[in-house]
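Every read-out reported here was derived from the displayed coordinates using simple, explicitly stated rules and does not represent laboratory data. Note that the structure is a prediction, hence the values are computed from the model and not measured. Counting neighbours? That spans all protein chains shown, and the Cβs are built from the backbone with ideal geometry, glycine included.
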Amino acid sequence: MPAPRRPGTQNQKRTSFPETKPVMKRILAAVAALALVASVGSAQSKLDQAVAKAQEQVQKGKPEDAVKTLTKAAAEAGAEGQVALGQLQERLGNLDEAQAAYNQARTQASGPGRADVLAAVANFTLRKGSGKDALAIANEAVTASATANALAAQARALVRNEDGPGALVAA
C-alpha cells in the first residue's frame, strides 16, 4: 500500500531524478579529467619537450641526434636551454662542449631564473674547474637570489674550499 500523500501534492511531479545523478557525476568527472590532461599537456614547454625527446634519443643509442635536437631548442630557450644542453653534454661525457654551453648560459642569464642558472654553472665548475671559481659563481648566484639551488651550490663550493663552518651557515 502506497504511503498517504499530503493534501495538495497529488498532481505535482517529481523534480529530482535520482537515477541520473550518478550518470551526471561520472560525466562531470570524465570531463574534468580530460580538461586536466589537456592543460598539463599544453603547459609543457618546447624546451621540456625537446629535453624529453633528447633523452629518448640517448636511450635509443643516438646521442648525436639528441645533441642536435637540444641544440636547436636551446637556441630559442635562452639561458635555461643552454643549461639543459650543458647537462646533456655532461651526461654524454662531452665536457668541453658542456663547458661552452654553461659559459653561454652564464652570459645569457637574466631575470628570476638567473640564480638557478648560475647555480648550475657553479655545480659544473666544481666538477671541472677550481673551487675558487665555483665559489665566485655560487656567490654571484646567491647575490642574484637566495634560491635553494643557489644556496646548495654555495655550500658545496665552500666545502670544496675547505670552509666547513661557512658551508654549514650557507646550507
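Structure summary
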quantity	calculated
Positive-end extreme of charge dipole, segment 41-171 - chosen from Leu118, Ala50, Leu85 (charges on Cβ)	Ala50
Segment 47-151: trypsin sites (Lys or Arg not before Pro) in DSSP loop, at most 14 other beta carbons within 10 Å	Lys60
Shape category assigned to segment 82-162 from the gyration tensor of Cα positions, a/c cut at 1.5	oblate
Dipole magnitude of segment 45-171 about its Cα centre (Cβ charges: Lys, Arg +1; Asp, Glu -1), debye to nearest 20	160
Shape category assigned to segment 129-171 from the gyration tensor of Cα positions, a/c cut at 1.5	oblate
Spin-label proximity, Asp163 to segment 126-140 - amide N less than 13 Å from point 7 Å beyond Cα toward beta carbon	131-140
Stretchable slack from Asp133 to Gln55, in nm (0.36 nm times residue separation minus alpha-carbon distance)	25.1 nm
Entries in Lys62/Lys132; Lys53/Lys128; Lys60/Lys132; Lys46/Lys132; Lys68/Lys128 that, when Cα-Cα distance is taken, lie over 31 Å	Lys62/Lys132; Lys60/Lys132; Lys46/Lys132
